[in-house]
Each structure stands twice: as C-alpha cells, then as structure tokens.
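Everything on this sheet refers to the single structure shown next.
Throughout, read-outs are computed from the coordinates displayed, never taken from laboratory work. Note that the coordinates shown come from a computational prediction; the quantities given were computed from them, not determined experimentally. Neighbour counts run over all protein chains shown; Cβ positions are idealised from the backbone, glycine included.
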Amino acid sequence: MARILIAEDDGSMRGFLKRALERAGHEVSAVENGVRALPHLHGERFDLLLADIVMPDMDGIELSRRALEIDGELRIIFITGFAAVAVNHQPFDGRMAKVLSKPFHLKDLVAEIERTLEATA
C-alpha cells in the first residue's frame, strides 16, 4: 500500500481517482490544486504525487518542484487532458516523470503507479 496525494482541479475526476486508488489498496488524499496540496506535503509523508499539469493558482509542474524540495524521495506522475502540453520528462534532477494523457484507463494508471513505486523500492 502506498500513500498517494492527488492534485486535480476537476472534482469528478478527483473523486473518481481517489475512490479507484483506495479500492486498489492505497491510502489517498485528494485536493483541488497545488496551493492546497502544499500543506499536506509539509505535514504528511507521501510515496507518490499524482498531479494534473494544468490547474489554477499553481500548476502541476510548479507543485512538483516544490514537493521535491520538501521530500526529495517523492515519486511523481503527471496527468493531463491537454495533449499539446509539452513536458520535459526529466525536469527534476534527471528523474523521469511519467505523463498520462486523459482519458486513460484505470488499469493503466494503477499499473504505472505500481511500476513507479517498484522502481524506487
């Protein structure tokens, strides 16, 4: 079981992801944007951050950079509904950052989370 923080501005997607990942056996906290995620990152330990790239107030890229300043061991997966969003897949000290484009199948997300966490074990 992993502790996962979801930062996703779409309420229905956020709720769906939270429920689905809890059913997959993970402990999940979910917030609506990067600004709301920061206090969780300061106060709790997470194994993985699942962040939408395009969000108001603080996008997923900036959130991820700040998150890694707080916890350098945190693993990150980006999700986005904007296929045209270009992300440097090595934005954080040479680490690979996986990007999943919406819509994605839940089994693909769960498999990617497992691969990401196994790579750090």
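Summary table below
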quantity: Gained length - E22 relative to A111, 0.36 nm times residue gap less alpha-carbon distance; calculated: 30.6 nm
quantity: Expected 222 nm ellipticity per residue - DSSP helices of 4 or more, -39500 (n - 2.57), all of the chain, to 500; calculated: -12000 deg cm²/dmol
quantity: Residue-span extension gain [F104 to D10] - 0.36 nm each, minus C-alpha spacing; calculated: 32.4 nm
quantity: From the coordinates shown, mean projected area of the Cα convex hull in nm² corresponds to which of (1) 6.2; (2) 6.6; (3) 7.3; calculated: (2)
quantity: Label-point gap, in nm, between V35 and I70 - each point 7 angstrom along Cα→Cβ; calculated: 1.5
quantity: Summed side-chain charge close to A111 - residues other than A111 whose Cβ falls under 14 Å, Lys, Arg +1, Asp, Glu -1; calculated: -1
quantity: Ascending count of other beta-carbon atoms within 10 Å, so fewest first, for R75, R3; calculated: R3, R75
quantity: Using θ = phi - 60° and Karplus 6.51 cos²θ - 1.76 cosθ + 1.60, couplings along segment 51-59 (whole Hz; Gly, Pro as x); calculated: 10, 5, 6, 9, 9, x, 6, 8, 6
quantity: Length-normalised contact order for segment 3-116 - Cα pairs under 8 Å, 6+ apart - percent; calculated: 22
quantity: Simple spin-label estimate for E44 and E62 in nanometres, 7 Å along Cα-Cβ; calculated: 2.3
